[in-house]
Amino acid sequence: MFIHKNSENSSKSEIRKKILKLRNEINPQIRKIKDEQITFRFMEYVELKKIKSILLYASYGSEVDCWRIFNQCKEKSIKTAFPKVYEKEKILGIYWVENLNQISPGYKSIPEPHIGLKASIEEIDLIAVPGVAFDLNCNRIGYGGGFYDRLLLFKKGLAIGLAYEEQIVEKIPVEPFDRRVDLVITDERIISCV
């Protein structure tokens with residue numbers, strides 16, 4: 001377990017740049033093992049809490065793999081939704097997804113639903129939240145668009161950040177509009193803030 005020490009005055013953009021570089025450099029074989037460990041912990045939590053509906057994100061680049069989580073949710077008949085970016089409104093729409101044929105490249109080439117039944121945030125028991133970095137107080141740094149900060153304002157269920165251990169930092173500078181997650185699941189542990 002390693003926590004990146006960052007100076008009190010590290011900016012979000014400095015942390016984002018450093019952690020993205022680290023995440024991108026994780027060896028593909030090691031990443032696969034880490035993804036399996038995160039999936040195991042996540043699904044164990046889902047079963048423990050008897051979760052019936054989940055909002056996943058469509059993994060992109062070097063993000064934690066949500067596709068294996070999606071497959072396990074389908075096997076266990078857990079309703080699964082994915083977000084779609086509405087850039088002009090600066091919001092995320094939510095759509096139920098039955099199979100991966102409903103997903104194709106969208107905003108900034110990130111996979112998102114192109115067809116499907118619209119869902120509402122009130123119907124979601126658990127939100128898997130992507131991020132570049134998380135700290136021990138469950139604060140997060142995303143990619144700078146604020147889409148998840150706005151979505152989390154209206155959440156009814158739990159929000160769980162998914163991250164490799166390399167993405168955990170000591171402290172993230174927090175601004176008034178930032179929304180933290182309830183837990184962070186890594187390949188080594190669960191950080192709980194509830």
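Read the figures in this text as sums done on the coordinates, not as results from a lab. Here the structure is a predicted model, which means the values were calculated and not measured. Counting neighbours? That spans all protein chains shown, and the Cβs are built from the backbone with ideal geometry, glycine included.
Observations
- The modelled label-to-label distance for the pair GLU175/ILE115, using points 7 Å beyond Cα in the direction of Cβ, is 3.9 nm.
- Residues whose amide H lies under 5 Å from that of LYS171, counting only those 5 or more places away or on a different chain, are ASN6; hydrogens are built 1.01 Å from N in the peptide plane.
- When the Gaussian network model of the chain links Cα atoms closer than 10 Å, the mean-square fluctuations of GLY116, GLY131, GLY61 top out at GLY61.
- A crude spin-label estimate for the pair ASP149 and TYR107, with each label 7 Å from Cα along the Cβ direction, gives 1.4 nm.
- Modelled label positions at VAL194 and GLU14, each set 7 Å beyond Cα in the direction of Cβ, lie 3.4 nm from each other.
- Long-range HN-HN contacts of THR80 with modeled amide H, under 5 Å: ILE54, VAL97
- Of all DSSP beta bridges confined to region 107-194, the antiparallel ones make up roughly 35%.
- Of PHE134, PHE82, PHE177, the residue with the greatest mean-square motion in the GNM of the chain, using alpha carbon springs below 10 Å, is PHE177.
- Semi-axes of the equivalent ellipsoid for region 59-156, Cα gyration tensor, largest first, Å: 20, 16, 15
- Taking a ≥ b ≥ c as the square roots of the eigenvalues of the Cα gyration tensor, region 116-194 is classed as prolate, since a/c reaches at least 1.5 and a/b is larger than b/c.
- Taking each residue as 0.36 nm, the span from LEU22 to LEU136 lengthens on full extension beyond its C-alpha to C-alpha distance by 39.2 nm.
- Rounded to the nearest 20, the size of the Cβ-charge dipole of region 65-148 about its Cα centre is 140 debye, with Lys and Arg at +1 and Asp and Glu at -1.
- Loop GluC sites (Glu not before Pro), region 69-159 (other Cβ atoms within 10 Å of the site Cβ: 16 or fewer; DSSP): GLU87, GLU89, GLU98
- Largest GNM mean-square fluctuation across LYS76, LYS12, LYS108, computed for the chain with C-alpha springs under 10 Å, falls on LYS108.
- Under-5 Å amide H pairs with ALA119, H placed in peptide plane, nonlocal only: ILE94, TYR95, TRP96
- Each Lys or Arg adds one and each Asp or Glu subtracts one; over the other residues with Cβ under 15 Å from the Cβ of TRP96, this totals 0.
- For ARG68, net neighbour charge (Lys/Arg +1, Asp/Glu -1) across residues whose Cβ lies under 9 Å away: -3
- Absence of a disulfide-compatible partner, taken as no other cysteine beta carbon within less than 4.7 angstrom, is noted in the chain for CYS66, CYS73.
- Taking the number of Cβ atoms within 10 Å of each Cβ as an exposure proxy, the fewest-first ranking of TYR95, TYR107, TYR164 is TYR107, TYR95, TYR164.
- Among LYS34, LYS156, a tally of other beta-carbon atoms within 10 Å of each Cβ gives an order, fewest to most, of LYS156, LYS34.
- Ranking VAL85, SER53, GLN29 by how far each Cα lies toward the positive end of the dipole of region 20-131 (charges on Cβ) leaves GLN29 at the top.
- Rg in Å to one decimal, and Dmax rounded to a whole Å, for region 31-79 via C-alpha atoms: 10.6, 30
- Beta bridges per DSSP with both ends in the chain, % antiparallel, nearest 5: 50
- Length gained when the stretch LEU100-LYS156 is fully extended (0.36 nm per residue, less Cα-Cα span): 17.6 nm
- For the chain, the fraction of C-alpha pairs farther apart than 28 angstrom is 20 percent.
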